[in-house]
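**Q** My questions will all concern the structure given below.
The values are calculated or read from the model by the stated rules, or taken from the named source; none is laboratory data. Being a predicted model, the structure only gives us computed values, none of them experimental. Cβ placement follows ideal geometry from the backbone for every residue including glycine, while neighbour counts extend to all protein chains displayed. Heads up: the accessible areas ignore ligands, DNA and RNA and are worked out on the full protein's heavy atoms, side chains in. Shrake-Rupley method; radii C 1.70, N 1.55, O 1.52, S 1.80 Å.
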Amino acid sequence: QVQLVESGGGLVQPGGSLRLSCAASGSIFSFNAMGWYRQAPGKQRELVANILSGGSTNYADSVKARFTISRDIAKNTVYLQMNSLKPEDTAVYYCNARVGGRSTWGQGTQVTVSS
């Protein structure tokens with residue numbers, strides 16, 4: 001029943017930045033966790049970052065120090081600030097919410113890092 005809509009993807013040069021947004025239909029304050037995953041062609045979907053209900057965050061080693069996950073509870077939105085982007089960051093990025101024992105996915109937004 002939760003609906004998630006991602007936005008903010010696009011084409012960016014290596015070293016550039018993008019900010020992804022995930023707008024939720026419900027209050028993210030009540031969510032157990034929200035996260036960003038990505039899937040590149042031919043690869044499995046992998047966790048990029050997540051934020052738990054208490055505010056703690058986790059990052060994949062490959063993005064730590066470059067990406068930042070944050071939330072605006074009033075706007076029911078989770079963000080992924082991506083800096084110092086690399087070609088290997090190219091993927092479809094998906095927002096995920098875990099609430100009430102269920103997991104919900106957004107439709108995904110394409111991020112392409114290329115010169």
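**Q** With respect to the numbered conditions (1) in contact (Cβ under 8 Å) with a residue 60 or more places away in the chain; (2) open to solvent by 40 Å² or more (accessible area, probe 1.4 Å); (3) among the aromatic types (Phe, Trp, Tyr), which one is the sole condition not fulfilled by Trp36?
**A** Evaluating Trp36 over (1) in contact (Cβ under 8 Å) with a residue 60 or more places away in the chain; (2) open to solvent by 40 Å² or more (accessible area, probe 1.4 Å); (3) among the aromatic types (Phe, Trp, Tyr) leaves (2) as the failure.
**Q** Could you tell me which numbered condition Gly54 fails, if it satisfies all but one of (1) open to solvent by 60 Å² or more (accessible area, probe 1.4 Å); (2) on the phi > 0 side of the Ramachandran plot; (3) of a type in the set (Gly, Ala, Ser)?
**A** Result: Gly54 fails condition (2) only.
**Q** Can you list the strands (runs of 3 or more DSSP E) lying wholly within segment 46-115 that have 3 or more residues being under 11 Å from the mean Cα position of the chain (by Cα)? Walk me through it before giving the result.
**A** Details: elements: 46-52, 57-59, 67-72, 77-82, 91-99, 102-105, 109-113.
The qualifying strands (runs of 3 or more DSSP E) are 46-52, 67-72, 77-82, 91-99.
**Q** Name the residue that is surrounded by the most Cβ atoms within 10 Å (Cβ to Cβ), counting only residues in segment 8-28 that are in contact with a Phe, Trp or Tyr (Cβ under 7 Å, 6 or more places away or on another chain) and in contact (Cβ under 8 Å) with a residue 60 or more places away in the chain.
**A** Looking only at segment 8-28, we keep the residues that are in contact with a Phe, Trp or Tyr (Cβ under 7 Å, 6 or more places away or on another chain), and these are 9, 19-21.
Okay, now just the ones that are also in contact (Cβ under 8 Å) with a residue 60 or more places away in the chain, so 9, 19-20.
On the way: Gly9: 19, Arg19: 14, Leu20: 25.
The selected residue is Leu20.
**Q** Moving to a separate point now. Output the residue which, of all residues in segment 72-111 that are more than 18 Å from Ser25 (Cα to Cα) and of a type in the set (Asp, Glu), is most open to solvent (accessible area, probe 1.4 Å).
**A** Glu88
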